[in-house]
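What follows is a set of notes on a single structure, which appears directly below.
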Amino acid sequence: MSHLRTFVLLIAPGLFLAIPGLRAQETPTVPNIVMILSDDQAWTDYGLMGHPDIKTPHLDRLASRSAVFRRGYTPVPLCRPSLLSMITGKYPHQHGVTGNDPKPDRSLSDAQYGVLREQLISRIDPQATLPKLLAAKSYVSMQSGKWWEGNYSRGGFTHGMTRGFPQKGGRHGDDGLEIGRKGMQPVFDFIQHATEEKKPFFVWYAPMLPHTPHTPPERLLAKYQQPGRPEALAKYYAMCEFFDETCGDLLDHLDEHKLTNNTIVVYVTDNGWIQATPEMKLGPDWNHGFAPRSKQTVYEGGIRTPIMISWPGQIVPGDHSKLASTLDVFPTLLAATGLDVPVGLPGVNLLPLLKDKTPLDRTFLCGESFSHDIIDMDQHEATLQYRWCIEGKWKLILSYDSPPDRYAFVYSVNERTPQLFDLEADPHEKQNLASSHPERVQKLAGYLQNTWSISKKPVGL
C-alpha cells in the first residue's frame with residue numbers, strides 16, 4: 001500500500017527529484033543492503049512471533065524468506081547507544097556513547113550545553129562505521145529516520161535526511177524523523193539514484209515507528225479499538241501495523257524494480273517496549289508510556305528482538321534456535337560484501353551458519369545498560385546500571401549502584417540484587433532462581449568480568 005507524499009532529499013553536494021521510469025540497471029558485483037530498524041517495539045509484537053492481535057503481514061512475508069533468529073538481542077535497551085552499536089559493531093562501553101544525552105545542568109547556558117552535545121557527537125568521528133567501510137566497495141549510502149550523531153555525513157553516509165544538531169529538532173533526527181510517517185519517497189529517490197549510477201547501495205531505514213507519539217491513521221486505529229481494550233494499547237497496536245505497512249512499501253519497491261534478488265535485507269529493533277495502560281496501576285510517579293521491565297531495562301521486554309536476514313539465493317530461509325545479537329549484523333554484512341572484518345569485535349559473522357550450517361562459535365551472549373543521561377563521558381562505570389549474560393536457557397542480571405538520573409524510577413522498580421532466570425520455563429522472568437543456583441550465578445558473573453573487567457562491584461554478589 002502506498003500512502004506517500006513527495007519529499008526533497010538532501011544529497012551532497014546538491015539535490016535530486018524523482019525521475020519517472022526507473023528500471024533495474026546492471027547488477028552490482030556486491031549486494032545492495034537495506035537495514036530496517038524498528039523503534040520501541042516488543043519482541044512479541046509481530047504476527048511472526050505469534051501475537052494474537054497485532055497484524056504484520058509484510059514483516060511476516062520478509063520472515064518467510066529470511067533466516068530468523070527469534071532469540072535475538074540488542075546489547076543495550078536505549079535507542080542512541082543501541083543504534084550506534086549496530087553501525088559500529090561495538091558495545092556502548094567501547095564506542096563511548098552509553099546514554100542518550102549529557103546530564104542536564106541548569107547552570108549551563110544553551111550554548112554551553114551544546115558544547116557537551118557536540119563532544120558526545122564527536123565520539124562517532126574516529127569510528128569505522130558500516131557506511132565508511134562500505135565506501136571501499138563503492139557503495140553509496142543513505143541515512144533516514146532516527147540518527148543522533150549530528151549530520152549524516154559524520155557517520156560516513158554519502159546521502160541523508162538528518163542535518164543534525166544544532167538544527168531545530170537535530171537532537172535525534174530533525175527532517176529524518178519524517179520518513180515512514182510521511183511517506184517513503186526520499187528512500188525511493190535514493191535507490192533510483194544509486195541504480196542509475198550503477199552503484200551498490202546501503203539504506204539505513206530507522207523510522208521513529210512505532211515509537212511515540214502514537215498517532216496511527218484512523219483506519220488502523222479503528223481496527224484495534226474494542227470494548228475493554230485501553231485506548232493507549234489500541235494506538236500502540238495500530239502503530240505496529242502502520243510501521244509494518246511502511247516496510248511493505250519498501251519491500252514492494254525492491255520487488256517492483258527487480259532489486260530483491262541482489263539485496264540483503266536486515267531487520268532488527270533498537271530496544272523493546274511494553275505499553276503502559278491504566279489497568280497496570282503504576283501510580284502517579286510513573287510518567288512514561290512504557291511499562292516496567294521494558295524500554296531502558298535489561299529484561300526480555302527491553303532487549304529481546306527478532307533478527308531477520310534475507311539474501312535470496314545465498315541464505316537459506318528458516319528459523320534458527322541459536323542466540324544472536326544486533327552486534328552480529330556489522331561483521332555479517334562486511335563478510336557478505338567481501339570486506340575484511342576488523343579484529344576484536346564482539347559480534348559474530350553469521351554467514352557460515354546461514355549459508356553452510358557451520359556451527360556458531362558462541363556460548364555466551366552479553367549486554368549492558370546505563371543511565372539515560374551521561375554524567376562523565378570518560379568514566380562509563382559512573383552510570384552503569386546493569387550487565388547481563390545468557391548461556392543457553394540461563395540469564396543472569398547483575399545490578400550496579402549508580403547515581404539516579406531523571407529516569408531513576410525505571411530502575412527503582414527493579415530488583416537490585418543478582419537475578420537468574422530460566423528463560424525456557426520462564427520467558428517473562430517472573431521467578432528469580434539466583435539463590436538456588438549460586439554456581440550458575442558465579443559462572444556467568446565470571447564471564448562478564450572476563451569479557452569487560454570493571455572495578456565496580458555488583459550489588460549483592
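When Arg70, Arg123, Arg154 are checked against the criterion of being surrounded by fewer than 24 Cβ atoms within 10 Å (Cβ to Cβ), more than 30 Å from Lys395 (Cβ to Cβ), among the charged types (D, E, K, R) and at pLDDT 95 or above, Arg154 stands alone in meeting it. Among residues of region 399-415 being surrounded by fewer than 16 Cβ atoms within 10 Å (Cβ to Cβ) and either in a loop (DSSP other than H, G, I, E, B) or in contact with a Leu (Cβ under 6 Å, 6 or more places away or on another chain) (or both), the one that is modelled with the lowest pLDDT is Val413.
Scanning region 182-192 for residues that are part of a loop (DSSP other than H, G, I, E, B) and either without any contact (Cβ under 8 Å) to a residue 40 or more places away in the chain or touching a strand residue (DSSP E or B) at 6+ places or on another chain (Cβ under 9 Å) (or both) yields one hit, Met184. Based on this model, can you work out whether Lys223 counts as within 24 Å of Asp252 (Cβ to Cβ) and in a loop (DSSP other than H, G, I, E, B)? So Lys223 does not fit the description; no.
For region 37-93, a residue qualifies if it is among the polar types (S, T, N, Q) and over 12 Å from the mean Cα position of the chain (by Cα), and the qualifying residues are Thr44, Thr56, Ser64, Ser66, Thr88. Only a single criterion out of (1) in contact with a Ser or Thr (Cβ under 7 Å, 6 or more places away or on another chain); (2) crowded, with 24+ Cβ neighbours inside 10 Å; (3) within 30 Å of His193 (Cβ to Cβ) is not satisfied by Leu84, namely (1).
Note on region 193-216: residues that are without any contact (Cβ under 8 Å) to a residue 60 or more places away in the chain and more than 17 Å from Lys137 (Cα to Cα) total 3.
Within region 428-445, being over 32 Å from the mean Cα position of the chain (by Cα), surrounded by 15 or more Cβ atoms within 10 Å (Cβ to Cβ) and part of a helix (DSSP H, G or I) holds for no residue.
With Ile274, Ile315 as the choices, which residue is under 16 Å from Pro210 (Cα atoms), in contact (Cβ under 8 Å) with a residue 24 or more places away in the chain and aliphatic (A, V, I, L, M)?
Ile274
Beta carbons closer than 6 Å, at least 6 apart along the sequence or on distinct chains, pair a first residue in region 50-64 that is without any contact (Cβ under 8 Å) to a residue 24 or more places away in the chain with a second that is surrounded by 16 or more Cβ atoms within 10 Å (Cβ to Cβ) for His51/Thr44; His51/Asp45; Asp60/Gly47; Asp60/Leu48.
Yes/no per residue for (1) among the β-branched types (Val, Ile, Thr); (2) outside any helix (DSSP H, G or I):
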| position | (1), (2) |
| --- | --- |
| Met49 | no, yes |
| Ile54 | yes, yes |
| Leu62 | no, no |
| Arg70 | no, yes |
| Met86 | no, no |
| Arg123 | no, no |
| Ala135 | no, no |
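If you check Pro166, Pro102 for being surrounded by 18 or more Cβ atoms within 10 Å (Cβ to Cβ) and in contact (Cβ under 8 Å) with a residue 40 or more places away in the chain, only one passes: Pro102. Residue check: Asp252 meets all listed conditions (1) under 23 Å from the mean Cα position of the chain (by Cα); (2) in a helix (DSSP H, G or I); (3) charged (D, E, K, R); (4) at pLDDT below 95 but one, namely (4).
Checking Val316, Val298 one by one, the residue that is in contact with a strand residue (DSSP E or B) (Cβ under 6 Å, 6 or more places away or on another chain) and either over 21 Å from Gly50 (Cα atoms) or among the hydrophobic types (A, V, I, L, M, F, W, C) (or both) is Val298 and no other.
The values are calculated or read from the model by the stated rules, or taken from the named source; none is laboratory data. For clarity, every value in this text was computed on a predicted model and none was experimentally measured. Here Cβ is always computed from backbone atoms with ideal geometry, including for glycine, and neighbour counts include all displayed protein chains.
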